[in-house]
Amino acid sequence: MIYQRSSALFTEAQQYIPGGVNSPVRAFKSVGGTPVFMKSAKGAYLTDADDRTYIDYINSWGPAILGHTHPEVLEAVQKQAEKGFSFGTPTELETEIARFIIENVPNIDQIRMVSSGTEACMSAVRLARGFTGRDKIIKFEGCYHGHSDSFLIKAGSGAATFGNPNSPGVTQGTAKDTLLARFNDFDQVKDLFRNNPEQIAAIIIEPVAGNMGCVLPENNFLQKLRELCDEHKTLLIFDEVMTGFRLAFGGAQERYNVKADLVTYGKVIGGGMPVGAFAGRSEIMDHLAPKGAVYQAGTLSGNPLAMRGGLETLKIIKKDSDFFNRLDKTTEILDFEIAKILNSKNIRHRINRVGSMMSIFFHIGAVSNFDEAQNANHALFNNFFHHMLKNGVYLPPSGYETYFISSAITENEIEKTLEAVRKFEYS
Ligand code: PLP
């Protein structure tokens, strides 16, 4: 049995940890089988508890854009650790990373560091409500902004994977302030504004959705939302937890040339450490405590190890002027070559891709919203997933997730990946 040790570890973990995992999608519930327990990672590869290696297309769900354990990041974090793990005081390093980000990202004057993407999105919405004095927000079906109550309504990612996009435990009172629209459906958004005049504090959106699989904005959707928000004095929040520092250094704001009022970050900004952040213009950010009245705090916010890991990662990306081109090119090759192989086998599919994010949907036409993503053949995806896993390629264990390509993927890994796809038999 190839996953022998993982299997034993999973049995034991279930005794002590709910469902055996600390984040649901890791349990492989939707694809079936035993989750693979990893013990180390380096560059493009993960090594599991049974000493098998895998080419990694999850990269810790996005953060490891340089591949795993990049030597320069490792050295910087090690040196930082020698100075202390956490002080609970301000540090010069926090200003250094804030300045670096603000100087290199369009449209933000100030940034507040937190410890996860969930915290970033939750805090940005609170700030938007405090700033506008309004209660309601608009979110899009299939988008995931973390597990804060107001977002667990028709949510993507693990919530969609387990068929539970509306979580029990979220009160009616909270749910009524989250208005829903279909991704890419501008008319629905306009209707929500018409029916809730002067009540909508913010639209929060993944500018490229990554949590219903990868779904791109179409027909100037983001620009139109920008104009609508201006018209109604509503804040536009881009959740760039996935797209920030990945689609471009300035994220989706730069790639699509649309400026949000507030932007949330996570994943790449921490280089694999637990970090999130939210940022915006000073006139809005000034409303945060201690300067303003909107409260937000965190024991480990701005943690020095996390700041060092993040800053070093961002600097490595920034100094390489061809970084994003190369990453995009790798992803484009994967897209074209996988499509060629699947076509040669008459396996109907759709690959959505932008930058270094992509997803394969099976047996389906265009996928531009959550309904269409749900209509894909997820059983076939599950077979594909297990086939790739057996052949040493680690894809996200759900058809509702995005593959994150790292700069550690070279021609060699691409060829091995394509070889695995070539062996796939439709069943
Ligand atoms: N926003 C988006 C777009 C995400 O993809 C995620 C997590 O995957 C989050 C927010 C929540 O981030 P975290 O898991 O760090 O709390």
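Just a few scattered comments:
- Test: THR91 is on the phi > 0 side of the Ramachandran plot and either more than 16 Å from the ligand (Cβ to nearest atom) or surrounded by 16 or more Cβ atoms within 10 Å (Cβ to Cβ) (or both): no
- When ALA155 is tested against (1) surrounded by fewer than 22 Cβ atoms within 10 Å (Cβ to Cβ); (2) at pLDDT below 95; (3) among the hydrophobic types (A, V, I, L, M, F, W, C), just one condition goes unmet, and that condition is (1).
- Residues in segment 205-221 that are within 14 Å of the chain's Cα centre (by Cα) and either under 17 Å from LYS267 (Cα atoms) or not in a loop (DSSP other than H, G, I, E, B) (or both): ILE205, GLU206, PRO207, VAL208, ALA209, GLY210, ASN211, GLY213, CYS214, VAL215.
- Residue within segment 3-13 that is touching a residue at least 24 places away in the same chain (Cβ under 8 Å), in a strand (DSSP E or B) and under 23 Å from VAL421 (Cβ atoms) present: no
- Taken together, ALA260, ALA339, ALA252 contain a single residue that is more than 16 Å from the ligand (Cβ to nearest atom) and of a type in the set (A, V, I, L, M, F, W, C), which is ALA339.
- So GLY84, is it in contact (Cβ under 8 Å) with a residue 24 or more places away in the chain, more than 21 Å from the chain's Cα centre (by Cα), in a loop (DSSP other than H, G, I, E, B) and assigned by TED's automatic domain parsing to the domain that holds PRO304: yes
- All of ILE101, ILE137 fail the test of being of a type outside the set (D, E, K, R), farther than 18 Å from LYS291 by Cβ and assigned to a strand (DSSP E or B), apart from ILE137.
- Tally of residues being more than 12 Å from the ligand (Cβ to nearest atom) and under 11 Å from ALA202 (Cβ atoms) across segment 131-157: 8
- Checking SER356, SER406, SER368, SER398 one by one, the residue that is crowded, with 19+ Cβ neighbours inside 10 Å, hydroxyl-bearing (Ser, Thr, Tyr) and touching a Lys or Arg at 6+ places or on another chain (Cβ under 8 Å) is SER356 and no other.
The values are calculated or read from the model by the stated rules, or taken from the named source; none is laboratory data. Being a predicted model, the structure only gives us computed values, none of them experimental. Note that each Cβ is placed from the backbone with ideal geometry, even for glycine, and that neighbours are counted across all protein chains shown.
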